[in-house]
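Colleague: Got a structure for you, written out below as structure tokens; questions coming shortly.
Please treat every number below as a calculation from the coordinates, not as lab data. It should be emphasised that the depicted structure is a prediction, and the values quoted were computed from it without experimental measurement. Neighbour counts are summed over all protein chains in view; Cβ atoms, including those assigned to glycine, are modelled from backbone coordinates with ideal geometry.
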Amino acid sequence: MQFFFEVAISGLLSGLMYSLVALGFVLIYKASGVFNFAQGAMVYFAALAVVGLMDKGLPMWAAIIGSFLVMVVLGLATERFVLRKLVNQPEITLFMATIGLTFFLEGLGPMLFGNEIRPIDLGIVDEPIMSIMDSVGIGISKFDLFASGTIIVLVILLAVFFQKTKVGRALRAVADDHQAALSLGIPLQHIWAIVWGLAGFVALVAGLLWGSRNGVQFALTMTALKALPVLILGGFTSIPGAIVGGLIIGASEKLAEIYIPPVMQDWFGGNFGGIEGWFPYVFALLFLLVRPEGLFGEKHIDRV
Amino acid sequence: MTDKRQIGDVILDLQNISLAFGGVKALTDISFDVRQHEIRAIIGPNGAGKSSMLNVINGVYHPQQGGIVFHGETRRQMNPTKVARQGIARTFQNIALFKGMTVLDNIMTGRNTKMRSGFLANALWWGPARNEEIAHRKVVEEVIDFLEIQHIRKVPVGRLAYGLQKRVELARALAAEPSMLLLDEPMAGMNVEEKQDMCRFILDVNDQFGTTIVLIEHDMGVVMDISDRVVVLDYGKKIGDGTPDEVMNNPEVIKAYLGTTH
């Protein structure tokens, strides 16, 4: 049973890291109705910027600030050169534009900051905390705990920002109805710039955490795609949904990885490792059949 | 009659407006003006170009020809944000509220053009930003009282009945303290009682705040009752303009509405 909990907890904690990426998607979707396919590429790009700037001799803190600025500039440029031309276009057009942005970033990042795999060392080791290990017998990684703490703080800040401030309210308004927001004098351009800046910041945090766990490499963009099943579970418009979705995906994929292969081997023989690679997607697919709007998503009822 | 009700000078003058979408002509060479404090109605059969006209005033559509003079300032095109800042607020034919947000939050967004404190102060919920929020909240509460929607202020808009949503949309527009209010079919889909309420609110807004009102409406009884002057559009052309009585007796208008015998 201890082993079960150990697997479940490490799954939950790593699930929060998926939540973080999902959060970037949710932010932009909430504020502009755009599904930003480039969020994964932004995570990669932000992490690359950090290691790239450190290669140039900057200390880590300066590289992180530098990367933040790069992400803000990137957000502003995206609004200026891509989104502004596409106001009031169908969502699918905007979605296609973000696919274009994905490839652009995946090319530009390595070009500017180099493409060899480099680690980010945040100074927190990825090993179990001994005191918990000794007393309860469950291994919880220090790094996981640190990452979770960071993410929780970030989420609380974002929630307050969205619910309590004028800018947050304007963001929600723009998300709901461009036309109406414009008629109230809410400057769409500023709002989009803010949102893309925020999404860039979230991508940077995700890039730092993922980069220090797996190293900064192209595979980050693939890992970031795990945010998709998280979003399907949690709903595309809900910040709490992104968190809960991440927890469920994280825990279930780790448990599936441990407990399903032995059963499958008994039944069919052969090797069934690597289930965690695809399990979340199948899980999300099944979930879609039951509850297409996600756990926390807004249910759409259309007049026919 | 109070002083405010006195019809003033022309504040909005539309000159030879033509608007086309590709080959489809939505508006052809339309001119009319709106005087301060009046209630000006735009009527016409479906597809006559009424909403397009409102969208031109509001800056959503940019006419290919013609000029718009608002408070002495001539413009060919405008963007909706600037229009809002000049004091023109509007409602939409298909209610355009922020459905996931509460009534109160929806109406607070109407204060957007009046809010001054910077982004950072706002994000951090700092002193000045906080005081500002409270001041705006006061105005919003007045609008809520005025439109008698106190009881629903914390309800998400999506859950409200249609008639109430229309009223909330009006509240959001009023929260901007506009000098001119554009109403796109404010009574569409309402029952008799709701229509009466809405009529009363429109007249009160016009009377108490001195707001100039431009409205599109299909209910002829309502239009003839409350408007000072009426402009009639048909197939994107102006076919009548004048007081309700004049318009009602205009043979062109009668033809457009009742059809001709062949």
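Colleague: Looking only at A:Ala47, A:Ala62, A:Ala284, which one moves most when chain A is put into a Gaussian network model with springs between Cα atoms under 10 Å?
Modeller: Highest fluctuation among the options: A:Ala62.
Colleague: Just to confirm the number: angle between the C-alpha axis of helix A:166-176 and the first principal axis of chain A, 0 to 90 degrees, nearest 10?
Modeller: It is inclined by approximately 90 degrees.
Colleague: Sequence gap at least 6, Cα distance under 8 Å: using those rules, report the relative contact order of region A:111-161 to the nearest whole percent.
Modeller: It comes to 26 percent, rounded to a whole number.
Colleague: At q = 0.13 Å⁻¹, what log₁₀ I(q)/I(0) does chain A have when each alpha carbon counts as one equal point scatterer in the Debye sum?
Modeller: -0.96
Colleague: Largest first and to the nearest Å, give the Cα extent of the protein assembly as shown along each principal axis.
Modeller: Dimensions of the protein assembly as shown along the principal axes of its Cα atoms: 92, 53, 51 Å.
Colleague: Moving to a separate point now. Roughly how crowded by other chains is peptide A:162-170, in terms of the mean Cβ count from those chains within 10 Å of each of its Cβ atoms?
Modeller: Counting Cβ atoms of other protein chains within 10 Å of each residue's Cβ and averaging gives 6.
Colleague: Computed from the mean reciprocal separation of all distinct C-alpha pairs, what Kirkwood hydrodynamic radius does region B:175-258 have, in Å?
Modeller: It works out to 13.9 Å.
Colleague: Roughly how crowded by other chains is peptide B:208-218, in terms of the mean Cβ count from those chains within 10 Å of each of its Cβ atoms?
Modeller: Counting other chains' Cβ atoms within 10 Å and averaging over B:208-218 gives 0.
Colleague: Further question: Taking only DSSP H segments of four or more residues, each worth -39500 (n - 2.57), what value at 222 nm results for chain A once the sum is divided by all its residues, to the nearest 500 deg cm²/dmol?
Modeller: -25000 deg cm²/dmol
Colleague: For A:Lys85, list the aspartates and glutamates whose Cα falls under 19 Å from its own Cα; do not include residues on the same chain fewer than 8 positions away.
Modeller: Output for A:Lys85: A:Asp177.
Colleague: Please turn the phi angles of region A:262-270 into ³J(HN,Hα) values with the Karplus equation 6.51 cos²θ - 1.76 cosθ + 1.60 (θ = phi - 60°), one per residue in order, whole Hz, x for glycine and proline.
Modeller: Here the 3J(HN,Hα) series is x, 5, 4, 5, 4, 6, 10, x, x Hz.
Colleague: While we're on this one: So what are the ³J(HN,Hα) numbers for region A:273-282, from phi and the Karplus equation (6.51, -1.76, 1.60; θ = phi - 60°), rounded to whole Hz, Gly and Pro as x?
Modeller: x, x, 5, 5, x, 10, 3, x, 5, 5
Colleague: Now for a separate question. What's the longest uninterrupted piece of chain B once you rule out the trypsin sites (Lys or Arg not before Pro) that are loop residues per DSSP with at most 11 other Cβ within 10 Å?
Modeller: With trypsin sites (Lys or Arg not before Pro) excluded where exposed in loops, chain B gives B:155-262 as its longest stretch.
Colleague: Rank these for me by crowding, B:Tyr257, B:Tyr61, going from fewest to most other beta carbons within 10 Å.
Modeller: Ordered by Cβ neighbours within 10 Å, fewest first: B:Tyr257, B:Tyr61.
Colleague: Whose amide H sits under 5 Å from the amide H of B:Gln65, counting only residues 5 or more places off or on another chain, with H placed in the peptide plane?
Modeller: B:Ser18
Colleague: So what is log10(I(q)/I(0)) for region B:1-95 at q = 0.21, 0.23 1/Å, when the Debye sum runs over its Cα atoms only?
Modeller: Each listed q corresponds, in turn, to -1.17, -1.35.
Colleague: Turning to a different aspect of this structure: In the neighborhood of B:Met180, defined by Cβ-to-Cβ distances under 12 Å, what is the net charge if each Lys or Arg adds +1 and each Asp or Glu adds -1?
Modeller: Cβ neighbours under 12 Å give a net charge of +1.
Colleague: Applying the Karplus parametrisation 6.51 cos²θ - 1.76 cosθ + 1.60 with θ = phi - 60° to the phi angles of region A:231-243, what ³J(HN,Hα) value in whole Hz is obtained for each residue in order, glycine and proline being reported as x?
Modeller: 5, 4, 5, x, x, 7, 10, 10, 5, x, x, 4, 5
Colleague: Taking Cα pairs under 8 Å and at least six residues apart, what relative contact order does region B:173-243 come out at, in percent?
Modeller: Here the relative contact order equals 30 percent.
Colleague: Please rank A:Tyr29, B:Tyr162, A:Tyr18, A:Tyr281, fewest neighbouring Cβ atoms within 10 Å first, as an exposure proxy.
Modeller: Fewest-to-most ranking of A:Tyr29, B:Tyr162, A:Tyr18, A:Tyr281: B:Tyr162, A:Tyr281, A:Tyr29, A:Tyr18.
Colleague: Count neighbours as other Cβ atoms within 10 Å of each site's Cβ, and list the trypsin sites (Lys or Arg not before Pro) in region A:219-304 that are DSSP loop with at most 16 such neighbours.
Modeller: Those that pass, being in a loop and sparsely packed, are A:Lys299, A:Arg303.
Colleague: Evaluate peptide B:84-97: per residue, the Cβ atoms of other protein chains within 10 Å of its Cβ; return the mean as an integer.
Modeller: Partner Cβ neighbours, averaged per residue: 3.
Colleague: As a test of the formula, what do you get for chain B when each DSSP H run with n ≥ 4 contributes -39,500 (n - 2.57) and the sum is divided by the residue count, at 222 nm and rounded to the nearest 500 deg cm²/dmol?
Modeller: The helix-only estimate for chain B comes to -10500 deg cm²/dmol at 222 nm.
Colleague: Which GluC sites (Glu not before Pro) in region A:64-129 sit in a loop by DSSP (not H, G, I, E or B) and have at most 11 other Cβ atoms within 10 Å of their own Cβ?
Modeller: Taking region A:64-129 and a limit of 11 other Cβ atoms within 10 Å, the loop GluC sites (Glu not before Pro) found are A:Glu116.
Colleague: Right, next: Arrange B:Ser52, A:Ser183 by Cβ neighbour counts within 10 Å, fewest through most, would you?
Modeller: B:Ser52, A:Ser183
Colleague: What number comes out for the charge environment of B:Thr109, summing +1 per Lys or Arg and -1 per Asp or Glu over other residues with Cβ under 13 Å away?
Modeller: It works out to a net charge of +3.
Colleague: For region A:203-304, just say rounded, prolate or oblate: build the C-alpha gyration tensor, square-root its eigenvalues into a ≥ b ≥ c, call rounded for a/c under 1.5, and beyond that prolate if a/b exceeds b/c, oblate if not.
Modeller: oblate
Colleague: Could you check what % of the DSSP bridge pairs in the protein assembly as shown are antiparallel, to the nearest 5?
Modeller: 60 percent
Colleague: A further question on this structure: Excluding B:Val10 itself, what net charge comes from residues whose Cβ is under 15 Å from its Cβ, given Lys and Arg +1 and Asp and Glu -1?
Modeller: -4
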